[in-house]
Every structure is written in structure tokens, then in C-alpha cells.
Amino acid sequence: MSRRPLIAGNWKMYLTKDEAVQLASSIASSCRGIDDRDVMLAPPSIFLQAVSESVRDSPVMVAGQNVCWESEGAFTGEISPVMLKNAGAAMVILGHSERRHIFHESDELVNKRLLGALRFDLIPILCIGETLDQREEEQTFAVLEQQLAKGFADVCLEDAEKVLIAYEPVWAIGTGKTATREQAQDAHYFVRGVLSGLYEKKLADKVRILYGGSVKPDNIDSLMAEPDIDGALVGGAALQSESFDRIIHFSK
Ligand code: PGA
């Protein structure tokens, strides 16, 4: 089954508006003519509109870094799916490890956000991943299984097909320690098996699973050569056009 690769940049809470616009424009121009892979940028929400305008007429998609489950209401500090779409976003990152660990977002909250995104036609990228302690205690698969089961609670088959997964081992995020291609492949293969159990094999074969955690120009090709790795969610290396360009133009 061939799945279209996605290279996604998560800018987290970095860049000024000018830097964001400049980086987005440079990525948009290096993506012209690309037609065999998707590229996505997730800027801080306050720059979504400006970044969306900078990538207009290019294949680059724009995403939010989180989203509320309601279209509007008294939710100070939150941004609704409708607002993200108004600002040009087509996708949204959910359950990133920084949201889970720094802001204590639970699986239940992540699920609520996921259902909200789907209700308003935003494509979610659901992030899952184990901590170093959990890996050392051989809990990796149990953690992934629970994050998936709870993350997909009440999501129907038709909606589940729209979701992308990002496997991001917490110990590899921003640390320079990438999972080996074998560790990543094992986890991705496992995730596909869980999805097959939660839904059906046909869906599991279709869902795109990205790897995230210290993806760099010098490891992207070998990661992408693995059969169950369908793309990358890139943090640090997405903040410079040269390194992100190289990652976008990976070859297997
Ligand atoms: P990193 O971040 O590439 O800097 O490790 C990845 C992420 O947080 O999505």
C-alpha cells in the first residue's frame, strides 16, 4: 500500500513574525513542482494568517499546534477549529508531548480536542510516544496502545481514516537522540496493528504514521526507507530553511 509522505514542521513557540513569513516563503518556493509528497508548517497561532498568505499558490499546508473542541465560547486562551480554519489552517497537531507533559493534557482531553477538530473538518495529527522511563521499563507498547485507544475513543471509522499519527518518543524530542530506524519502524508497525484492532486492517494500511524526535537532514533518508514510516514531524530542524528543505527533499 503506498501512502503519500508528509513532512511537517512544528515551529513550537519560536520565530518572530518577520522570520516566520520569510521562512514560510522560502519553503513555499522550494516546494514548487513537488507533487509526490505533502509539506506542512505549524507556526505559532498568532502567525497562522501571515504564514498562510506566504504559502498561498504553493503546495504547502498550514496547521495549528492545538485546538479547542468548541466552535466558540468562554474558553480564555483557546482557539476554536473554526478560527484555525479562518486563519488558513487545514490541519492541527494534537497531544504533542509538550502539551501532555508541560501542560498536563490527558488522553481524555486530547480525545475531546480530536473529536472537535474532526467535527469542523480539520485534519488531526495525533501525537503519541513513551518517556525514557517507560521505554526502560518495557512499557512502550502498552503506552502507545493506551494513547491510541483513548485518543480514538468515540471516533467512527469514517473519521478515523482522516487522522494522521505521529510517533514521537519523548526521549528523542529536542534531545538530538533519534530513535534508531529499527526502533521507529517497530513502533510504527505496532501502531498499525493497534489501529487494525481498533478499526480494521484496511484503515490501518491507509493511515499515515509520521516519526518525530530529532529528525535531521542526515537521518531522514534512512527513516523514510522503513516500510511503516510515512513522513516526519520535525521540530528544531524545521526552523532553518536549509535543513528543512533537505528533509522535504528526502530520498529513500
Ligand atoms: P525535534 O522536535 O525535531 O526538535 O526533536 C520534534 C517535535 O517536537 O515534534
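The values are calculated or read from the model by the stated rules, or taken from the named source; none is laboratory data. The model shown is predicted, which means the values in this text are computed figures rather than measured ones. Backbone-built Cβ (ideal geometry, glycine too); neighbour counts: all protein chains shown. The accessibility values were calculated without ligands, DNA or RNA, using every heavy atom of the protein model including side chains. Shrake-Rupley method; radii C 1.70, N 1.55, O 1.52, S 1.80 Å.
Observations, loosely collected:
- Enumeration of residues in the stretch 155-181 that are among the polar types (S, T, N, Q) and surrounded by 15 or more Cβ atoms within 10 Å (Cβ to Cβ): Thr178
- Close contacts from the stretch 84-107, counting a first residue that is more than 14 Å from Val163 (Cα to Cα) and a second that is basic (Lys, Arg) and within 11 Å of the ligand (Cβ to nearest atom), with Cβ to Cβ under 7 Å and a gap of 6+ residues or different chains, come to Glu105/Arg99.
- Test: residue in the stretch 138-156 that is over 25 Å from Glu98 (Cβ atoms), basic (Lys, Arg) and more than 15 Å from the ligand (Cβ to nearest atom): no
- Taken over the stretch 223-247, the residue count meeting the criterion of being more than 9 Å from the ligand (Cβ to nearest atom) and touching a strand residue (DSSP E or B) at 6+ places or on another chain (Cβ under 8 Å) is 8.
- Exclusive hit being within 16 Å of the ligand (Cβ to nearest atom) and part of a strand (DSSP E or B), set Leu41, Leu23: Leu41
- Filter pass, Ala184 being hydrophobic (A, V, I, L, M, F, W, C), part of a loop (DSSP other than H, G, I, E, B), touching a helix residue (DSSP H, G or I) at 6+ places or on another chain (Cβ under 8 Å) and buried (at least 21 other Cβ atoms within 10 Å of the Cβ): no
- Residue pairs whose Cβ atoms lie under 7 Å apart, sitting 6 or more positions apart in sequence or on different chains, and linking a residue in the stretch 223-243 that is farther than 18 Å from Gly129 by Cα and acidic (Asp, Glu) to a partner that is in a loop (DSSP other than H, G, I, E, B) and open to solvent by less than 20 Å² (accessible area, probe 1.4 Å), do not occur here.
- Among the residues of the stretch 196-227, those that are assigned to a helix (DSSP H, G or I) and either of a type in the set (Lys, Arg) or in contact with a Lys or Arg (Cβ under 9 Å, 6 or more places away or on another chain) (or both) comprise Ser196, Lys201, Lys202, Ala204, Asp205, Lys206, Ile220, Asp221, Ser222, Leu223, Met224.
- In the set (1) under 23 Å from Val234 (Cα atoms); (2) away from the ligand (no atom under 16 Å from the Cβ), Gly77 fails one condition alone, (1).
Listed here are the residues, each with its yes/no results for (1) at pLDDT 95 or above; (2) crowded, with 16+ Cβ neighbours inside 10 Å; (3) not β-branched (Val, Ile, Thr).
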position	(1), (2), (3)
Ile7	yes, yes, no
Trp11	yes, yes, yes
Thr16	yes, no, no
Glu19	yes, no, yes
Gln22	yes, no, yes
Val51	yes, yes, no
Val55	yes, yes, no
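- Test: residue in the stretch 179-192 that is aromatic (Phe, Trp, Tyr) and within 16 Å of the ligand (Cβ to nearest atom): no
- Here Arg208 qualifies as touching a residue at least 24 places away in the same chain (Cβ under 8 Å), within 25 Å of Val60 (Cβ to Cβ) and open to solvent by 40 Å² or more (accessible area, probe 1.4 Å).
- Restricting the stretch 44-62 to residues that are touching a Leu at 6+ places or on another chain (Cβ under 8 Å) and not in a loop (DSSP other than H, G, I, E, B), the residue that is nearest to Phe250 (Cα to Cα): Met61
- The stretch 95-154, residues that are assigned to a loop (DSSP other than H, G, I, E, B), open to solvent by 20 Å² or more (accessible area, probe 1.4 Å) and under 20 Å from Glu200 (Cα atoms): Ala153, Asp154
- Close pairs from the stretch 1-26: first in contact (Cβ under 8 Å) with a residue 40 or more places away in the chain, partner hydroxyl-bearing (Ser, Thr, Tyr) and open to solvent by less than 50 Å² (accessible area, probe 1.4 Å), Cβ under 7 Å, at least 6 apart: Leu23/Ser241; Ser26/Ser241
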